[in-house]
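A.B. asks: There's a structure below that I have some questions on.
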Amino acid sequence: MSNLTRRTITGIFLVLLIIFSLVISRYAFSGFFLVITILGLWEFYTLLEKVNIRPNKVLGTIAGAFLFISNALIALELAPLEILLVNFLLVFLVFLLELYRNIPNPFTNVAFTFFGLLYVAVPFALLNYFPNPGFEAGTYNYKIVLGFFFMIWVNDSGAYLVGTTFGKNKLFERVSPKKTWEGTSGGGILCLITVWIIGVHYTEISKFNWFIIGCIVIVLNTYGDLFESMLKRSINTKDSGNLLPGHGGILDRFDGFLMATPFVFVYLLIIS
């Protein structure tokens with residue numbers, strides 16, 4: 001089976017899982033992405049061990065999971081904002097437990113434990129608020145999340161297909177030798193076409209706001225891909241993991257998402 005075939009099958013399966021979790025209920029949506037958050041954090045910390053960085057994998061993953069859960073409970077209207085304070089306690093536990101680990105480079109380990117929370121857990125936690133950015137009681141609008149993911153998927157797939165077919169001019173060769181201007185432009189154009197279709201059918205927010213979100217996705221999705229490529233090159237590895245055949249790991253599949261989500265979240269708050 002070719003890599004493109006494996007990539008396509010895995011991509012379709014993952015897309016269907018995300019759509020199913022979104023449509024079936026807000027609880028299924030949060031539960032699914034809690035699992036993704038845990039897998040992504042563990043993968044990130046495992047990746048660092050290849051270059052002798054020893055983040056606190058267990059506590060970091062627990063802290064990231066609770067960061068997601070606490071925000072999910074608020075978004076689901078099951079807990080007050082005060083539950084977020086528990087996250088501060090978990091953060092300081094990282095300091096305390098590092099005293100007892102007795103391994104080299106403790107401050108590097110602490111820093112990268114926190115970096116995993118910021119890079120992986122925070123974007124997934126913020127995703128909980130996308131179905132209800134206005135914080136209106138009883139509201140769950142999965143179409144906002146679905147539209148966001150459609151943009152990312154089309155941008156990614158378009159950049160890959162156009163780049164592998166027509167790509168010649170390197171976009172950022174030092175970081176990602178295979179990424180080209182042709183692929184990036186093709187993905188962006190296809191994404192904007194998708195934005196127009198979304199704006200016609202998903203009227204929960206205006207066409208203009210969908211267009212702005214689309215522009216954010218095109219730019220930040222690309223930078224997210226480049227950032228993860230820089231991370232992998234610094235560790236001298238091709239993929240972040242092997243959980244997703246044809247794609248690599250969780251971070252390989254959600255790299256652009258991790259960078260775009262905080263920016264789209266802020267924009268949704270502004271317009272809500």
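A.B. asks: Please find, among G158, G199, G188, G256, the residue that is in contact with a Cys (Cβ under 8 Å, 6 or more places away or on another chain) and either over 24 Å from L39 (Cβ atoms) or not polar (S, T, N, Q) (or both).
C.D. replies: G158
A.B. asks: Being over 20 Å from the mean Cα position of the chain (by Cα) and more than 19 Å from P133 (Cα to Cα) narrows it down to one residue among G199, G186; which is it?
C.D. replies: G186
A.B. asks: Taking the condition at pLDDT 95 or above and closer than 22 Å to F112 by Cα, does A63 pass?
C.D. replies: The answer is yes for A63.
A.B. asks: Can you name every residue in the stretch 87-110 that is among the aliphatic types (A, V, I, L, M) and surrounded by 14 or more Cβ atoms within 10 Å (Cβ to Cβ)?
C.D. replies: L90, V91, L93, V94, L97, V110, listed by residue number.
A.B. asks: A further question on this structure: Please give the number of the condition L243 fails out of (1) surrounded by 23 or more Cβ atoms within 10 Å (Cβ to Cβ); (2) more than 20 Å from G188 (Cβ to Cβ).
C.D. replies: Only one criterion in (1) surrounded by 23 or more Cβ atoms within 10 Å (Cβ to Cβ); (2) more than 20 Å from G188 (Cβ to Cβ) is unmet by L243, namely (1).
A.B. asks: Please tell me if L231 is in a helix (DSSP H, G or I) and either under 17 Å from I38 (Cβ atoms) or acidic (D, E) (or both).
C.D. replies: It is false that L231 is in a helix (DSSP H, G or I) and either under 17 Å from I38 (Cβ atoms) or acidic (D, E) (or both).
A.B. asks: For the condition modelled with pLDDT of 95 or more and closer than 17 Å to D156 by Cβ, what is the one hit in G11, G40, G31?
C.D. replies: G40
A.B. asks: Scan I103, I83 and give me the residue that is farther than 24 Å from Y202 by Cβ and in a helix (DSSP H, G or I).
C.D. replies: Going through I103, I83 in turn, the sole match is I83.
A.B. asks: Here is a follow-up. Before we move on, is F211 at pLDDT 95 or above, surrounded by fewer than 21 Cβ atoms within 10 Å (Cβ to Cβ) and either in contact with a helix residue (DSSP H, G or I) (Cβ under 7 Å, 6 or more places away or on another chain) or not basic (K, R) (or both)?
C.D. replies: So F211 fits the description; yes.
A.B. asks: For the stretch 41-64, how many residues meet the condition of being touching a residue at least 40 places away in the same chain (Cβ under 8 Å) and surrounded by 20 or more Cβ atoms within 10 Å (Cβ to Cβ)?
C.D. replies: The number of residues fulfilling the criteria is 11.
A.B. asks: OK, next. Given the criterion in a loop (DSSP other than H, G, I, E, B) and farther than 24 Å from G64 by Cβ, identify the matching residue among G147, G138, G163.
C.D. replies: G138
The values are calculated or read from the model by the stated rules, or taken from the named source; none is laboratory data. Bear in mind the structure is a predicted one, so any value in this text is a computation, not a measurement. We place every Cβ from the backbone using ideal geometry, glycine too, and count neighbours over all the protein chains shown.
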